[in-house]
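In what follows, a single structure is set out as structure tokens and then discussed.
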Amino acid sequence: MKFNFIFCIMILCVTQSAFSNECYYPQFHGEYRNNISQDNGLLKQWSDDGPRLLWKTSGIGHGFSSVSIIDGMIYTAGDIDDHTYITAFDMFGKILWQTKSGKVFSGSYPGSRGTPTIYDGKLYHLNCNGHIICLEAKTGKEIWSLNIMEKFKGRLPEWGLAESLLIDGDNIICSIGGEEISIVAISRHNGETVWTCKGIGDKPGYVSPILIDYKGLRQFVTMMSASAISVNADTGELLWRYDHPIPYGSNISTPIYHDGHIVIFGTFAFGTTKFKLNVDGDKCTIEKIWHTEELDNEHGGVVLVDGYLYGHADGNHKWRHWACLEYETGKTMYAVAGLSGATGTLTYADGMLYLLGENGDVALMPADPKGFDIVSQFKLPKEDKGPLWAHPVVCGGRLYIRHGQTLYAYDVRNK
């Protein structure tokens, strides 16, 4: 009996170590912010009651933040009482530390938004009220903090800030949306100002931005409350602006870049628009390639896989469904209702799409433009209140799903 017990512990430790060593997901939507996991060797079908639950951990605070994973540690954010807290776990789901950050957002849909970004042993997080905190990733010890909305006279959007911070070398680039200053770059070492971008005029959107390096020009691309914009990542100069005046300023979905082109999304039938980037030295203009009202993604995100765009469509708040578009032409490959709730989110790994409906339906299906074909599905336990808006993550053979103040870890490896 003693031998068997020790043997089981050894197997468990080896298994947990394998998870730890394989996983690198240092920020929102992964290393390249494309919502694509580098995992392989995963299950192509689950049992009737879903993949095996490895662990679940509560007490992380309420919110919609996703997870970042690096060096055998998992990070997320949540609101506890009147402050945002950053929580770090080990790979067994044990909470290692929790550090208090800024005060919570008191408006509609309370709860954390942004996902921690881990870079060079440091953790960076922006809460809904504009409080940025820099911590030692291993210990949770605070290094510096500041409120960027107060420092730069920014303007909060209606539902608070939702940006997951973007690290560019020594800089943090983020949206302020002030009347004078719109975008700023601050030092990731101490929070000091590096450059500011003026003259856009819009409040912030709810987007986690991307960084593009195309033809020698590095661009910070994001969505403001009424536009899509690009800023020179080295100087802060505004490169281009495209009007996107969506109702309630609800530009939420992260743009997608591929092969000299960029795609943006908007709910309320603003749909999907693809542009070509025309770079000339340190200048850039955009040229519209196609537009469709389809795939008017609200906040669940879109993924580009093998020439096709997949995501949940708002249907102008009239017909919620899942859709697939051909990236080259914008042609609709399918538009199909599925899963419960008004919104849905997804991620991609090893040929498969992992779908999550806001009411707790979790589904697995091939990324196939020929049809919407769910092969496995289960229901997440209803142990917390509120919709499931946190984006799922697949990393190190695990599927991570966050609901309210609880994080679930499922084993999705094909052993």
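The values are calculated or read from the model by the stated rules, or taken from the named source; none is laboratory data. None of the values given here were measured: they were computed from a predicted structure. Heads up, the Cβs are rebuilt from the backbone with ideal geometry, glycines too, and the neighbour counts pull from every protein chain shown.
Would you check which residues across the range 99-112 are closer than 21 Å to GLN27 by Cβ and more than 21 Å from the chain's Cα centre (by Cα) and list them?
Correct list: THR99 only.
So, in the range 185-208, how many residues would count as being among the hydrophobic types (A, V, I, L, M, F, W, C) and under 27 Å from ALA390 (Cβ atoms)? If you could, list the steps in order and put the result at the bottom.
Within the range 185-208, the first condition is being among the hydrophobic types (A, V, I, L, M, F, W, C), and the residues that meet it are 185-186, 194-195, 197, 200, 207.
Of the ones still in play, those that are also under 27 Å from ALA390 (Cβ atoms) are 186, 207.
Looking only at that region, the number is 2.
Any residue in the range 376-395 that is in contact with a helix residue (DSSP H, G or I) (Cβ under 9 Å, 6 or more places away or on another chain) and under 22 Å from ILE74 (Cα atoms)?
Looking for residues that are in contact with a helix residue (DSSP H, G or I) (Cβ under 9 Å, 6 or more places away or on another chain) and under 22 Å from ILE74 (Cα atoms), one finds at least one in the range 376-395, hence yes.
Going through ASP282, ASP306 one at a time, which residue ends up being farther than 27 Å from GLN38 by Cβ and loosely packed, with under 15 Cβ neighbours inside 10 Å?
ASP282
Out of THR87, THR193, THR115, THR139, which single residue is under 25 Å from THR57 (Cα atoms), of a type in the set (Ser, Thr, Tyr) and more than 18 Å from the chain's Cα centre (by Cα)?
Step by step, each of THR87, THR193, THR115, THR139 is checked, and only THR139 is under 25 Å from THR57 (Cα atoms), of a type in the set (Ser, Thr, Tyr) and more than 18 Å from the chain's Cα centre (by Cα).
For the structure I just gave you, tell me whether LEU156 is within 30 Å of PRO247 (Cα to Cα) and buried (at least 16 other Cβ atoms within 10 Å of the Cβ).
Answer is yes for this residue.
Could you tell me whether the range 230-247 includes any residue that is among the small types (Gly, Ala, Ser), part of a loop (DSSP other than H, G, I, E, B) and touching a strand residue (DSSP E or B) at 6+ places or on another chain (Cβ under 6 Å)?
Quick first cut of the range 230-247, residues among the small types (Gly, Ala, Ser) only: 230, 233, 236.
After this cut, where a residue has to be part of a loop (DSSP other than H, G, I, E, B) as well, the list is 233, 236.
Pick out the ones that are also touching a strand residue (DSSP E or B) at 6+ places or on another chain (Cβ under 6 Å) and you get 233, 236.
Among the residues of the range 230-247, at least one is among the small types (Gly, Ala, Ser), part of a loop (DSSP other than H, G, I, E, B) and touching a strand residue (DSSP E or B) at 6+ places or on another chain (Cβ under 6 Å), which makes the answer yes.
Out of all the residues in the range 89-118, which are surrounded by fewer than 20 Cβ atoms within 10 Å (Cβ to Cβ) and among the aromatic types (Phe, Trp, Tyr)?
Across the range 89-118, the qualifying residues are PHE92, TRP97, TYR109.
Can you confirm whether ALA363 is under 23 Å from HIS317 (Cβ atoms) and either hydroxyl-bearing (Ser, Thr, Tyr) or at pLDDT 95 or above (or both)?
yes
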